[in-house]
1. Could you tell me how many of the residues in region 25-41 are of a type in the set (A, V, I, L, M), within 29 Å of GLN14 (Cβ to Cβ) and surrounded by 10 or more Cβ atoms within 10 Å (Cβ to Cβ)?
2. Inside region 57-79, can you point out the residues that are assigned to a helix (DSSP H, G or I), loosely packed, with under 11 Cβ neighbours inside 10 Å and not aliphatic (A, V, I, L, M)?
3. Could you please give the count of residues in region 1-56 that are among the aliphatic types (A, V, I, L, M) and part of a loop (DSSP other than H, G, I, E, B)?
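What follows draws every value from the coordinates through simple rules; no lab data is involved. Small disclaimer: the values here were computed from a predicted structure and weren't measured. Counting neighbours? That spans all protein chains shown, and the Cβs are built from the backbone with ideal geometry, glycine included.
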Amino acid sequence: MAMSNAERQRAYRQRHLADVDGQGHKLSMIVSVQTGAQLGRLAAHHGVTKRAMLEQLLQQAEGDLLDEMKPKARREYYG
């Protein structure tokens with residue numbers, strides 16, 4: 001029996017929630033046109049997907065923040 005549209009969509013979402021480790025987290029948000037364009041340009045410039053670019057930017061921002069923190073502040077940050 002053929003799957004309904006809803007069943008196909010559910011299967012698609014489940015497949016795409018899994019990353020290499022079998023885990024993923026879905027984000028759903030609206031950003032400004034400018035922010036969307038910036039992310040697209042950065043990703044294209046670096047030859048990566050928007051997802052990969054966003055992950056790189058967040059890792060860099062968090063790394064910069066952690067570098068400035070003292071151990072107690074780091075523990076509270078992760079707390």
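1. Matching residues across region 25-41 total 2.
2. GLN59, GLN60, GLY63, ASP64, ASP67, GLU68, PRO71, LYS72, ARG75, GLU76, TYR78
3. Selection size over region 1-56: 10.
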